[in-house]
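J.: There's a structure below that I have some questions on.
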Amino acid sequence: MHLPTTAHFLRSAFAHFATVCVSLLAAAAASGAEITVDAPNELRALIFKYVDALKKPAAEPAFEGDTETGPAIDEHIELQSRARRAREDILPLLETEGYFSAKVELLSADDGNITLKVTPARRTEIREVRVEFRGAIANDPTYANRRKSIEEHWRLGVGKPFRQTDWSGAKEALLTSVAERDFAAAKLVESVADIDPVRGSARLRLLIDSGPPFQLGDVEVSGLELYSRELFDRYNMLRPGEPYDYERLVALQNALQSTPYFGSAIIEIDRDADYANATPVRVRLVEAAPQRLGVGMGFSTNTGFRSEVNYRNANLFQNAWELNSTIRLEQKRQSAFADVFFPQTRSAFRDAVGVTALTEDISNLKTTRWAIGATRSRTLRKTEVRVNLNYQYETTEPEGGQQTESKALTLNYGADLRDVDNPTDPQSGLLLGFQIGGGSKALLSDQSFLRLYGRGQYFRPLGKQGTLLLRGEIGYTIADSRDGIPQDFLFRTGGSQSVRGYNYQSLGVQDGSAVIGGRTLFVSSIEYINWFHAPWGVAVFVDAGNAADDWKDMTLKVGEGFGGRWKSPAGPLGIDLAWGKGDSIPKIHFSIAFVF
């Protein structure tokens, strides 16, 4: 037997020791190693967002029996495995962005770190687009302009980069543009993206089959229990034989869901080409609970703390008459009203009758009023118009002045235009409104007068996070004097969303120690809001305005200040600190939404 020499034994032991040390060093390095990505910034962000293998898993607790090197060596192996999976996932991801010749190299460093080097190469661009049609849209010359418009609005034009999401979205938009009017059975028959990765080019070809043009048939309604079919017909603007138009169906659905009668409405047609000459329209309704009782509390810097009870019944006397009644108790005002709205006519007019009672004590003017009236209104897209016949009796008692009584039978007309990007949170657009109305001594009024009033708000984005708001009001009551004219037809101003820095309705005509309404009004405001961290913003503003008995007596009062804004679910909520001219102590104004 040959025994190893001492030197041979030492050499073997040293080699084994060196191997263990190298393993320990590698494992120690791997325990803190990471995967990095070397790629252009826009692709790097995309890769880290969608490649799950790059997301480091949570550390697992060590178990009894683990060696000091075991977990670290396992982590090194796991790191290499994640890097390989990431490389496999990156290539198809880049192809969705138009990089069909990209390369991904896996580079290992001595410290255990792994780098994925991404070379995107040339991005594919669209070189040719062919949109072809068949069916009625291709064969009927009356649709020539329609075809031309569809082709002109194709989203992926020549020269644009090819991205999978853009390609899918463009195809969907193309099909929608054909199917939304006339051609309810339209379908995408063929869509080909011919990619040449060497030249970095894409040639697109699409074939749309429009099928026959559709006409609406009879309207079938289900879900009516409390209400009659006649109520539905008052809102239904669809007529048998009219061309199919998806927007018309949506308009009817929105009209039904905006009534107090229905909780939801689903409208569908049969898209089978066999029914193209008279496709049935199926309307499925879910009726809303007709009666609702609400209790609320709130606060306003204008009128103080508020509590109210509201009762609504959408099927009064089983006639689909809508009763809306409220009792509201505020610190400075107490009121109650009951209105009955009748179902709209087939011409979309809405008629209502109502009664109101009110008592208030604002700016040392005590007012008691009751009124009864009738209104006809109509809403057409962005415009609402109203005609109102109203009789009211009023007593006023200014502190330090004489109590007066007045009564008036008035005929009033008003219209509002709302053209904004978001009705509850406008950032761009215009709100306009005007009113004209009056009464005559010859018809149950104490004074002959004509009241003119206009208002407007203009919203304009400034920069990436700013909004400019311009606001104005002007009013003039034409009469020999203000005697005998109810306060509703005169003007006071001041307070939140008026002239901030002054108390609510504290600007007007002085009568003793009270402020009463005058015959002229002017208010203007400029405000800038910076939405520094959505939904939060800060605002600065300057308001100017006043109310007087005559234009020559008008002296503008100026208020300026700043405040905070929050985009709440109910609309923009604001709290402002404002100083009137010469005031050292600011007034606080609280508001929610834009009053219009």
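J.: Under a plain spin-label model, where a point goes 7 Å from the Cα along Cα-to-Cβ, how far apart in nm are residue 397 and residue 351?
T.: Inter-label distance under the simple model: 4.0 nm.
J.: Give me the one-decimal nm value for the distance between modelled label points at residue 106 and residue 44, 7 Å along each residue's Cα-to-Cβ direction.
T.: 2.2
J.: What is the P(r) of segment 166-255, as percent of Cα-Cα pairs per 10 Å bin from 0?
T.: All Cα pairs considered, the percentages come to 14, 32, 23, 16, 9, 4, 1.
J.: Express in nm, to one decimal, how much length is gained between residue 483 and residue 149 on full extension, taking 0.36 nm for each residue of separation and deducting their alpha carbon distance.
T.: Numbers: separation 334, 0.36 × 334 = 120.24 nm, distance 6.28 nm.
Computed gain between residue 483 and residue 149 is 114.0 nm.
J.: Still on this structure: So which lysines can residue 552 reach, going by Cα to Cα under 21 Å and dropping same-chain residues fewer than 8 places off?
T.: Those lysines meeting the cut-off are 581.
J.: Taking only Cα atoms, what is the 0 to 90° angle, nearest 10, from helix 41-50's long axis to the longest principal axis of the chain?
T.: 90
J.: Under 15 Å from a label point 7 Å along Cα→Cβ of residue 524: give me every residue in segment 465-503 with its amide N that close.
T.: Counting backbone N atoms under 15 Å from the label point, the list is 469-475, 499.
J.: Can you work out the Karplus-derived ³J(HN,Hα) for every residue in segment 558-569? Use 6.51 cos²θ - 1.76 cosθ + 1.60 with θ = phi - 60°, whole Hz, and x for glycine or proline.
T.: 10, x, 9, x, 8, x, x, 10, 9, 7, 7, x
J.: Report the charge-dipole magnitude of the chain in Debye, nearest 20, computed about the Cα centre from +1 at each Lys and Arg Cβ and -1 at each Asp and Glu Cβ. Intermediate results must be reported in sequence, preceding the final value.
T.: On the way: 68 positive and 75 negative charges, 236 e Å.
Roughly 1140 debye, rounded to the nearest 20.
J.: Pop the C-beta distance of residue 96 and residue 187 into the FRET formula with R0 = 25 Å and round what comes out to the nearest 0.05.
T.: Computed FRET efficiency for residue 96 and residue 187: 0.50.
J.: What FRET efficiency comes out for the pair residue 510/residue 411, r = Cβ-Cβ distance, R0 = 35 Å, nearest 0.05?
T.: Numbers: r = 31 Å, r/R0 = 0.89.
With R0 = 35 Å, the Cβ-Cβ based efficiency is 0.65.
J.: OK, next. With every protein chain in place, what's the accessible area of residue 128 (1.4 Å probe, Å², nearest 10)?
T.: 70
J.: How much length is gained on full extension from residue 378 to residue 140, taking 0.36 nm per residue of separation minus their Cα-Cα distance? Could the numbers behind the result be given before it?
T.: Numbers: separation 238, 0.36 × 238 = 85.68 nm, distance 3.91 nm.
Once the chain is fully extended between residue 378 and residue 140, it gains 81.8 nm.
J.: Taking all protein chains in place and a 1.4 Å probe, what share, in percent, of the accessible surface of segment 116-155 do carbon and sulfur account for?
T.: Details: 1050 of 2500 Å².
Percent of accessible area from carbon and sulfur atoms in segment 116-155: 42.
J.: Which lysines, if any, have their Cα less than 25 Å from the Cα of residue 103, not counting same-chain residues under 8 positions apart?
T.: The qualifying lysines are 49, 55, 56, 117, 160.
J.: Enter the accessible area per residue of the chain (Å², integer; probe 1.4 Å; all protein chains in place).
T.: 55
J.: Next up: Show me, for segment 135-148, the HN-Hα J-couplings you get by feeding each phi into the Karplus relation (A = 6.51, B = -1.76, C = 1.60, θ = phi - 60°), rounded to Hz, glycine and proline as x.
T.: x, 4, 5, 8, 8, 9, x, 5, 9, 4, 5, 5, 4, 4
J.: Normalising by the residue count of the chain, find the relative contact order in percent from Cα pairs under 8 Å and 6+ residues apart.
T.: Working: 1366 pairs, mean separation 36.7, N = 596.
In percent, rounded to a whole number, it is 6.
J.: Moving on. Check which residues have an amide H placed less than 5 Å from residue 278's amide H, if you skip close sequence neighbours.
T.: Under 5 Å from the amide H of residue 278: 215.
J.: Compute the long axis of helix 6-31 from its Cα atoms, compare it with the longest principal axis of the Cα atoms of the chain, and write down the angle in degrees, 0 to 90, nearest 10.
T.: Computed tilt is about 10 degrees.
J.: Residue 424 versus residue 228, label points 7 Å from Cα toward the beta carbon: distance in nm?
T.: 3.6
J.: Cross-link partners among aspartates and glutamates for residue 567, C-alpha distance below 19 Å, same-chain residues fewer than 8 apart left out?
T.: Excluding near neighbours in sequence, the set is 421, 425, 527, 576.
J.: With r defined as the distance between the Cβ atoms of residue 577 and residue 326 and R0 fixed at 22 Å, what FRET efficiency is calculated, to the nearest 0.05? Each step should come with its number before you reach the end.
T.: On the way: r = 32 Å, r/R0 = 1.44.
It comes out at approximately 0.10.
J.: Determine the share of segment 328-375's accessible area contributed by carbon and sulfur atoms, expressed in whole percent, with a 1.4 angstrom probe.
T.: On the way: 1450 of 2430 Å².
Solvent-exposed carbon and sulfur of segment 328-375 make up 60 percent of the total.
J.: With only alpha-carbon pairs counted, each pair once and no self-pairs, how large is the Kirkwood hydrodynamic radius of segment 445-596 in angstroms? Mind dumping the intermediate values first?
T.: Details: mean 1/r = 0.0611 Å⁻¹.
Kirkwood radius, segment 445-596: 16.4 Å.
J.: At 1.4 Å probe size, with the rest of the protein present, what percent of the exposed accessible area of segment 222-269 is carbon and sulfur atoms?
T.: Values: 1150 of 2330 Å².
Carbon plus sulfur share of accessible area: 49 percent.
J.: Okay, next question. Which label marks the calculated value of Rg/Rh (Cα atoms, Kirkwood Rh), given the options (i) 0.98; (ii) 1.11; (iii) 1.16?
T.: Answer label, from the structure shown: (iii).
J.: Would you kindly derive the ³J(HN,Hα) couplings of segment 114-123 from the backbone phi angles with the Karplus curve 6.51 cos²θ - 1.76 cosθ + 1.60 (θ = phi - 60°), listing them in order in whole Hz, with x for Gly and Pro?
T.: Computed from phi, the couplings for segment 114-123 are 10, 10, 9, 8, 9, 10, x, 6, 7, 7 Hz.
J.: Note down the net charge around residue 574, summing +1 for each Lys or Arg and -1 for each Asp or Glu among other residues with Cβ under 11 Å from its Cβ.
T.: On the way: positive: 500, 565, 567; negative: 527, 576.
Summing Lys and Arg as +1 and Asp and Glu as -1 gives +1.
J.: To test your reading of the geometry: what angle, between 0 and 90 degrees and rounded to tens, separates the Cα axis of helix 70-96 from the longest principal axis of the chain?
T.: 60
The values are calculated or read from the model by the stated rules, or taken from the named source; none is laboratory data. A quick note: this is a predicted structure, and the numbers were derived from the prediction, not measured. Every residue, glycine as well, gets a Cβ built from its backbone with ideal geometry; the counts of neighbours run over all protein chains shown. Just the protein is used for accessible areas: all its heavy atoms, side chains included, with ligands, DNA and RNA removed. Shrake-Rupley method; radii C 1.70, N 1.55, O 1.52, S 1.80 Å.
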